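These notes concern the structure reproduced below.
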Amino acid sequence: MNVGFIGLGMMGAPMALNILKRDHRLTVYNRTPEKARALRDAGATVVAAPQDVGAVDVLVTMVSDGPTEEAVILESGLIDRLPKECVHMSSTTVGVDTARKLAAEHGKRGRAYVAAPVAGRAADMAPAGKLFVIAAGSADGLARCAPLFAAIGQRTFEFGPDPVAAVTVKLAMNFLTASAIEAMGEAFALTARYGVPSAAFYEIMTNTSFTVPPYKSYGKLIEQDSYSPPSFAVPLGLKDVKLMIAAAGSERLAMPFAEVMRAHFEQAIAQGYRDQDWAVIARVIANSVGAPKPS
C-alpha cells in the first residue's frame, strides 16, 4: 500500500524503515531533513512539507507531542488534502484532549482516525520490529492498519472504537514505567547509603521479584549511573507525566505519585540533565539525599 510517515525521530525512523522493508511504498517527512536521509537511501520518497505527503492509503504520525501532531495534521492543512479513504494512524503519545480533538476533526471530514501509540524501547525493540501496538478506532480503520501493525510490532492490543482509550492506556503504561524508575531510584539511594554496591543490589533485584524488562533495562542504567545517549529523554518523560496528571484531572482523579515524579523530572532539567535518559531521575533522587554514586 501507499504509506505516508511523518516524524523520523528515535522511534519513528526504525518504524518507518520496518514498514519499507515490507515492500510498502513510503513517503516521509521530517522537520529536520537530514534525519530522512537513511529512509531516502533505502527507497522512500522524501517531501519538504507535511502537506506534500500526497495520495496515501495510510498516514502514520510519530512526532514529539500533541501540539506538533496538531500542527502537522490540522494547521498545515494536510487533513484536507488527504484522500477521503485515507486512514490516519497516530502513533504519537498525546493527551486525551488532543485525541478527542483529532477524532472530532477527522470525523467532520469523514476520515478515519486510529490511535496506535506503541510500547517498547526505541534502542532495540523498534529496530527489531518488536514493539507492542496499542490501538483503538473504527473496525475498518484498524483492519486497514493491520499490515503496518505487523510491520512494526510483535503484538497488537485493541481497545475498541474510541481512540481515546488507546491514548489513555499508553499514558497508563508510561506511568507504570516511570513509577518503576522512581521506585528503583529510591531503592538504589537507600541501599547505597548503607554501603551496598549497586551491582549487588541490581543482581538481587533482577533475579528475584523484578525480572521484567523495565527493571532490567532502566535498572542497569541506574546501576551504572549512565544515562547517555538517551532512549527516552527527560523532557519527554516530563511531558508524559503532565499528560497523565491532566487526564486524571479531567475525571477528577488524583495521581499523587505522578506529582512526585513531575517534581523530579523538573528538578532533572534544572540540574542540567535535560539531554539524559529519563532514568536519570534516579540521580536526582540520590542527589537529594546525599547518596553516593553507584559503585
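We did not get these values from a lab; they are worked out from the coordinates using the rules stated. As the structure is a computational prediction, the values presented were derived from the model and not from experiment. Glycine also receives a Cβ, built like all others from the backbone with ideal geometry; neighbour counts cover every protein chain displayed.
Odds and ends about this structure:
- Distance violations [Cα-Cα > 24 Å] among Lys170/Lys242; Lys101/Lys170; Lys216/Lys293; Lys170/Lys293; Lys21/Lys220: Lys170/Lys293; Lys21/Lys220
- Positive-end residue, region 24-173 charge dipole about Cα centroid, Cβ charges, pick of Thr98, Ala38, Ala136: Ala38
- Cα-based reach from Lys108 at 19 Å (exclusive), listing lysines while leaving out same-chain residues under 8 positions away: Lys84
- Since only Ala116, Leu74, Leu148 are under comparison, the one whose Cα sits farthest along the positive direction of the charge dipole of region 2-161, derived from C-beta charges on Lys, Arg, Asp and Glu, is Leu148.
- Packing around the peptides 128-137, 22-31, taken as the average count of other Cβ atoms within 10 Å per residue, puts them in this order, highest first: 128-137, 22-31.
- Remark: the chain carries a charge dipole of roughly 300 debye about the Cα centre, counting +1 on each Lys and Arg Cβ and -1 on each Asp and Glu Cβ.
- Here region 236-273 and region 84-98 have alpha carbon centers that stand 23 Å from each other.
- Once the Cα atoms are used to define both axes, helix 96-108 deviates from the longest principal axis of the chain by about 0 degrees.
- Sum of side-chain charges, Gly290 neighbourhood, beta-carbon under 13 Å (Lys, Arg +1; Asp, Glu -1): +3
- Relative contact order computed over the chain (Cα-Cα under 8 Å; 6+ residues apart), in percent: 14 percent
- Estimated dipole of region 1-111 in Debye, rounded to 20 [Cβ of Lys and Arg +1, of Asp and Glu -1, Cα centre]: 200 debye
- Proximal charge balance of Gly77 [Cβ under 15 Å; K/R count +1, D/E count -1]: -2
- Take every Cα pair under 8 Å whose residues are at least 6 apart in sequence, average their separation, divide by the length of region 1-80, and the relative contact order is 38 percent.
- Cβ-based net charge around Val280, under 10 Å, with every Lys or Arg adding one and every Asp or Glu removing one: -1
- Stretch gain in nm, segment Arg155-Lys242, where the contour uses 0.36 nm per residue and the Cα spacing is subtracted: 28.6 nm
- For region 168-289, the relative contact order is 37 percent, taking Cα pairs closer than 8 Å that sit 6 or more residues apart in sequence and dividing their mean separation by the residue count.
- Mean-square fluctuations from a GNM of the chain, with a 10 angstrom spring cutoff on Cα atoms, peak among Glu223, Glu251, Glu266 at Glu251.
- Selected from Gln224, Ser288, Asn174, residue furthest toward positive end of dipole (region 168-289; charges at beta carbon): Asn174
- Placing +1 on the Cβ of every Lys and Arg and -1 on the Cβ of every Asp and Glu, with nothing else charged, gives region 127-215 a dipole about its Cα centre of roughly 160 debye.
- Extension gain for Ile204-Ala254 works out to 14.7 nm (0.36 nm per residue, less the C-alpha to C-alpha distance).
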